[in-house]
1. Exactly one condition in (1) without any contact (Cβ under 8 Å) to a residue 40 or more places away in the chain; (2) under 20 Å from residue A:106 (Cβ atoms); (3) among the hydrophobic types (A, V, I, L, M, F, W, C) is not met by residue A:201; state its number.
2. Exactly one condition in (1) part of a loop (DSSP other than H, G, I, E, B); (2) surrounded by 23 or more Cβ atoms within 10 Å (Cβ to Cβ) is not met by residue B:132; state its number.
3. Just give me the residues in segment B:94-117 being within 7 Å of another protein chain (Cβ to nearest Cβ), farther than 14 Å from residue B:166 by Cα and not hydrophobic (A, V, I, L, M, F, W, C), in sequence order.
4. List, please: which pairs have Cβ atoms under 9 Å, are six or more places apart or on different chains, and start with a residue in segment A:127-145 that is without any contact (Cβ under 8 Å) to a residue 12 or more places away in the chain and end with one that is acidic (Asp, Glu) and in a helix (DSSP H, G or I)?
5. Could you tell me whether segment A:184-196 includes any residue that is more than 10 Å from chain B (Cβ to nearest Cβ), of a type outside the set (A, V, I, L, M), out of contact with any Ser or Thr (no Cβ under 8 Å at 6 or more places or on another chain) and in contact (Cβ under 8 Å) with a residue 24 or more places away in the chain?
6. Which residue pairs have Cβ atoms closer than 6 Å, lie 6 or more positions apart in sequence or on different chains, and pair a first residue in segment A:263-290 that is outside any helix (DSSP H, G or I) with a second residue that is at pLDDT below 90?
7. Which residues, counting only those in segment A:122-173, are in a loop (DSSP other than H, G, I, E, B), surrounded by fewer than 15 Cβ atoms within 10 Å (Cβ to Cβ) and not β-branched (Val, Ile, Thr)?
Amino acid sequence: MHDSPRDRRHLVVPLLVAVGLLVLLLLPLIIPSFYLFLSTRILVFGLFATAFNVVFGYAGMPSLGHAAFFGAGAYVVGLASTRTELPFPVVLLLALLVGTALGVVFGLMNLRVRGIYLLLLTLALAQAVFGLAFTQVSITGGDNGIFGIAREGLVPVGLPYFYWFVLGIVGVSLALMWQFMRSPVGMAITGLRESESRLAATGYRVGMYRVWAFAVSGAFAALAGMLDAYLVGSVSPANLAFLLSAEVVVMAILGGARYFFGPFLGAALILGLEFYVSTFTTRWTIVLGALYIVTALFMSDGVLGRIAHWRQRSGQRAGTATGPGPDGSATSSGGPVPDGVPALPAGAALPSMSGSGPAEPTPSRSTASARTTASARTTEPRP
Amino acid sequence: MTRLALATRGVQMRFGSFLANDDVTLEVPVGERRVLIGPNGAGKSTLFNVLAGQLRPTAGSVELLGQDVTRLPAHRRARMGLARTFQLNNLFTDLTVRQNVEITLASQSRSRVVFWRDLASVPGIRARSDALLDTWEFTDLADLPVSELAYGQQRVMEIVLAMSTEPQVLLLDEPTAGLAPADAHRLTRLVSELPREITIIMIEHDMDVAFALADRVTVLHQGSVLADDLPERVAVDRSVLQIYLGDATDA
C-alpha cells in the first residue's frame, strides 16, 4: 500500500509544527540577545496582528482603530505596575477585561456602519482613546507616557526567560483564537465577511456576531499591548497612535488576511524589514509606505495568498486536481473524486435518507435519474 | 378556518418618494404552493424582503404562522421556521459546501452561541450535514469551496441551505434565474418534489414553471396585487394578459 499525498500531509504537518515549536523554544540558546529582542517583538506583534485579523480578515470589517486595544492593554500594565502592587495574574485579567470591554464598545458603536464608514468610525474612536491618554496627564503622564515598568516578579531576570514567557502566552492565545475561529461563533463571524444577509436569513443575529468579533479581537490585542509594555518597559501615546493601527493593517494584508497565520507572517516580515532597514536609514516610515503601496498593488491576497495561487497553478499544470481546503479536514468523502465517478452509488445513497428528519425532499426520484444528475454534476467543468 | 402560514395585510413599502409595494394583502394557507408573478419592477423581490424580514414595511402588517412578525428582524423569523433563497446566489462562497451546511444547521439551536468547540464536533451536526449532503447529492463536492461550484450547483445550494433548517415556510426567489433550460427543468423538479407540508411561496418568471407548480398564483403589478386566483383562471385573466402582452389595441 502506498501513501497518498493526503496521508503524507497528515504526518508532515504535525512534524513541521513540532520542529517549528522546538526551534522557537530553543531560540534563546541559539541567537544573540539583540535578535532575541526582535524575536520577542515579532511574537508580540504577531499576536496583535492575528487578533486584529479576527475583525479584519475573518469578519471582513476594515478597522483602523486597533491601536486603541493594544494601547489600552499597555496602559493597564503601565498604571498597574507603577501605582499598584497587583500581582501579574490580576494585571493579565485586567488587560483582557479592558480589551474586551473596549471591543464591545467599538462593536456596538459600529453596528450600523460598513466598509469605509466603519474604517473612519473606528479611527475616530481610537483617536478619542488616544486623546484621552494624551490629555489626562495626571494619570497617564500625557505625551511622556509611563516609564519604569519592571518585569521583576514576572519571570527570572534575563531576556531568555521573558522570551519564553511571551512565547507561552502568545502560543496559548493563538491556540485559543484558532479554536474560536473553528467554533460555530467563529464560523458565523467568517460568515459576516461572506454575506451578512445570508447569515441573517439563516437565523443568526448579525449584530451580536459583529460585537463578538470586536470583543475577542480587542481582548487579544490588549494582551499583545500588555506584553509590549513589559518588553519595552514603558508606555506612551504612540501605543495608541494611528500609525500603529495602520501598521497592523499592512501586517495582516502583507501576510495574507484570509489565512489564520498570514498576519503573524506579515508581522514577522515587517518587523524584520524594519530592523534591517533601520541599520541604513532612520526614515523607516517611507519604506513602510512604499511597502504598503506595493502590497496594495501586487499582493492584495498577501504572501500566503500568492503561495497558494502558485501552488494551485503548478498543480493544474501537473494535471492533478488541487486539494480542497488548506486544513485538509476531509473525512467523509476523502477529497476530490475523479470526474464522472460519483463518490457513492446514487442508488445506495437514497435509502439512507429515511429517518433523518422531515427536511428531506421526498425520495421519489428514480435511482436512474439520480445517477444521471449525479454524474452530470461531476462532469460539469469547474472554473 | 384554514391556518395561515403567511399573511400580509395592507403592506406598503416606500423608499423615499418611490412606492415599491402598496396595499398588498396576501393570505397563504399552510401547505399551499403560491407563485408570485409580475413584470420587472412589480415589487416581487421587495415583497419577499418584507416577508422575510430584511425590510420593515412602512405600513401594514405581516403574520407568520399566526403570529404578528411585522417588527421581528430576519433572524427571528428564520428561527420561527421561515427560510428563503435569494435571486442572486448569496452563499458563503469562500467556505466549503459542508461548512455552508453546518453553519446553517448550527443556527437553529443554542449551538449558534458555542465558541469553545469545533463547529463540526457539535453533537449531531456532522451526522446531519452528512445526511443532507447525501440527500442532495453533494457528498462528493462537500470539501470544495462554494465558489468552485458551477452556477447551477450554487442555485441548488441555495435550496439546500434553506431546506437544512427544516422550514415550515419556504420563500424561493426565482430559483431558476439564469439557468439553462435543462438545468432549470431539473431544479423545477427538485422544487416540485419538496415535501407537501412545507408552504412554498415562489417568485418565478417562467410561466410554464409557475403554472405547473402553483396551487394559486398572485400577480403583482406596480407594487400592488392585480390578480390572486387559481392558475388556470389567472392564465386567461384579461388584465394579466394585458400587462404581460401589452394592450391589444396597441397592436
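The values are calculated or read from the model by the stated rules, or taken from the named source; none is laboratory data. Bear in mind the structure is a predicted one, so any value in this text is a computation, not a measurement. Ideal geometry is used to build each Cβ from the backbone, glycine not excepted, and the neighbour counts take in all protein chains shown.
1. Looking at each condition in turn, residue A:201 falls short on (2).
2. Going through (1) part of a loop (DSSP other than H, G, I, E, B); (2) surrounded by 23 or more Cβ atoms within 10 Å (Cβ to Cβ) one by one, residue B:132 breaks only (1).
3. Within segment B:94-117, B:94, B:96, B:99, B:111, B:112, B:117 meet the criteria.
4. Once the first residue is without any contact (Cβ under 8 Å) to a residue 12 or more places away in the chain and sits in segment A:127-145, its partners that are acidic (Asp, Glu) and in a helix (DSSP H, G or I) give A:137/A:143.
5. no
6. A:278/A:284
7. At the first step, the residues of segment A:122-173 found to be in a loop (DSSP other than H, G, I, E, B) are A:136, A:141, A:145, A:147-158.
Those still in the list that are surrounded by fewer than 15 Cβ atoms within 10 Å (Cβ to Cβ) too: A:136, A:147-148, A:150, A:152-153, A:156-158.
The answer is A:136, A:147, A:148, A:150, A:152, A:153, A:156, A:158.
Results for (1) more than 14 Å from every other protein chain (Cβ to nearest Cβ); (2) within 21 Å of the chain's Cα centre (by Cα); (3) modelled with pLDDT under 90; (4) more than 20 Å from residue B:95 (Cα to Cα), shown as yes or no for each residue.
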residue: A:297; (1), (2), (3), (4): yes, no, yes, yes
residue: A:310; (1), (2), (3), (4): yes, no, no, yes
residue: A:323; (1), (2), (3), (4): no, no, yes, no
residue: A:334; (1), (2), (3), (4): no, no, yes, no
